[in-house]
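This report concerns only the one structure given below.
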Amino acid sequence: MTSGGIRPGVFKRTVTAWSVMALSLFGGIAQANPEPGQLNMTRGVSEWSPEAYFLNNVALGVCVVIGILVFGAMFIAMFRFRKSRGAVAEKWSHNTTLEVVWTTVPVVILIVLAYLATHGLRTFADTTGSQMTVKVTGFQWKWRYDYVDYMGKPVDGVGFMSKLDRESDETRQLRSGLDPNAVKVGNENTYLLNVDKPLVVPVGVKVRFVITAGDVIHSWWVPALGWKMDAIPGIVNAAWTNIKEPGVYRGQCAELCGQDHGFMPIVVQALPKAEFDQWLAQQQAAAKKPAAAPASAPAPASTAAAPKTAQVSDDATVHSQG
């Protein structure tokens, strides 16, 4: 361009201001559970969740910077170098140095992003060293959790179905007249986000999940753990977590699995290890407790003496008549 030149200081200040604003949007601390109006991913509470959070921020940062440069250059060209201001287009059509730069830089960016993503996926796929295994099975429209092993020992008989809690289920019914905002646990609105039986896991223990489904494709997703995994009939997928902070973490089925897909929440309750050990021992004891034997039916009244009694009565009648 030969007129209306760009002042370097103005352009630099503009780029800096936009970059700071973008970083403030996606660089803030997010809660463990997503909140209404939240702009960024949740940081999560597990050992691996910072990986996904970091990768998201890096990729988003790259996109924001590229967007500022591309759209900034485009708008500057449109408004500062328009024909009405007397701008005259240059005659050159190629610049070898510029073409090498704008080809090389995107390639380098993609290589760096691919390296970071590959490292993240590799660490996520590594379930070795797990200290606990939980089988997760998706059904229309509930989840089943079976505890397979814990600290090198098998866990027998501990498993249960987890489905939408009764209060949410009653409220969601057509013309129920109930207020969804009144469905709460403490101060938290849990409409369609609570279950009757949460999955209980220990804090500070690497838990391996084996995830499958019994009917259609589901997807087990708890944002605070940093990942989601499809539950596919006939296929077993594996994932892991190591939760660092006790608490209750909520999620939902993330695969459109049928008409009640929206009523299939997930709740994970993370307990300190000592409390979890006590909870698991209680569950195992309850599973081993024999069912009460049914009360024995009373013996039927004997009728063996009836004929004899009748015979005596008949004999007495004969004697009296004689």
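Some notes on this structure:
- Taken together, the residues in the range 186-199 that are under 14 Å from Leu164 (Cβ atoms) and either among the aromatic types (Phe, Trp, Tyr) or without any contact (Cβ under 8 Å) to a residue 12 or more places away in the chain (or both) amount to 1.
- Candidates Arg85, Arg80: the one that is farther than 30 Å from Ala270 by Cα and at pLDDT below 85 is Arg85.
- So Arg43, is it open to solvent by 80 Å² or more (accessible area, probe 1.4 Å) and either modelled with pLDDT of 95 or more or more than 25 Å from the chain's Cα centre (by Cα) (or both): no
- None of Thr123, Thr96 is out of contact with any Cys (no Cβ under 7 Å at 6 or more places or on another chain) and within 30 Å of Val58 (Cβ to Cβ) except Thr123.
- Within the range 178-204, the residues that satisfy the criterion of being among the small types (Gly, Ala, Ser) and either open to solvent by 80 Å² or more (accessible area, probe 1.4 Å) or closer than 30 Å to Lys244 by Cα (or both) are Gly186, Gly204.
- Within the range 157-172, residues that are closer than 19 Å to Gln282 by Cβ reach partners that are open to solvent by less than 20 Å² (accessible area, probe 1.4 Å) and among the aromatic types (Phe, Trp, Tyr) with beta carbons closer than 8 Å, at six or more positions or on different chains, in the pairs Val158/Tyr147; Gly159/Tyr145; Gly159/Tyr147; Phe160/Tyr145; Met161/Trp143; Ser162/Trp143; Ser162/Tyr145.
- Filter result for Tyr145 (under 17 Å from the mean Cα position of the chain (by Cα) and crowded, with 19+ Cβ neighbours inside 10 Å): yes
- Only listed residue being out of contact with any Cys (no Cβ under 6 Å at 6 or more places or on another chain) and at pLDDT below 95, chosen from Pro198, Pro180, Pro202, Pro246: Pro180
- Top-ranked residue of the range 235-260 - restricted to ones that are closer than 24 Å to Asp126 by Cβ and free of Cβ contacts under 8 Å to residues at least 60 places away in the same chain, ranked as most open to solvent (accessible area, probe 1.4 Å): Val236
- Flag if Ser24 is among the polar types (S, T, N, Q), farther than 30 Å from Thr190 by Cβ, at pLDDT 80 or above and part of a helix (DSSP H, G or I): no
- Any chance Val216 is more than 27 Å from Gly129 (Cα to Cα), among the β-branched types (Val, Ile, Thr) and open to solvent by less than 60 Å² (accessible area, probe 1.4 Å): yes
- The set of residues in the range 59-92 that are in a loop (DSSP other than H, G, I, E, B) and open to solvent by less than 90 Å² (accessible area, probe 1.4 Å) comprises Phe81, Gly86, Ala87, Val88, Ala89, Glu90.
- Qualifying position, being surrounded by 11 or more Cβ atoms within 10 Å (Cβ to Cβ) and more than 30 Å from Val207 (Cβ to Cβ), among Pro106, Pro50: Pro106
- The one condition in (1) under 17 Å from Gln269 (Cβ atoms); (2) surrounded by 17 or more Cβ atoms within 10 Å (Cβ to Cβ) that Met161 fails to fulfil: (2)
- Matching residues in the range 262-288 - criterion: being touching a residue at least 40 places away in the same chain (Cβ under 8 Å), among the aliphatic types (A, V, I, L, M) and open to solvent by 30 Å² or more (accessible area, probe 1.4 Å): Ala287
The values are calculated or read from the model by the stated rules, or taken from the named source; none is laboratory data. Computed from a predicted model, the values in this text were never measured in an experiment. No Cβ is skipped: glycine too gets one built from the backbone with ideal geometry, and neighbour counts run over all protein chains shown. We work out accessible area using only protein heavy atoms, side chains counted, and drop any ligands, DNA or RNA first. Shrake-Rupley method; radii C 1.70, N 1.55, O 1.52, S 1.80 Å.
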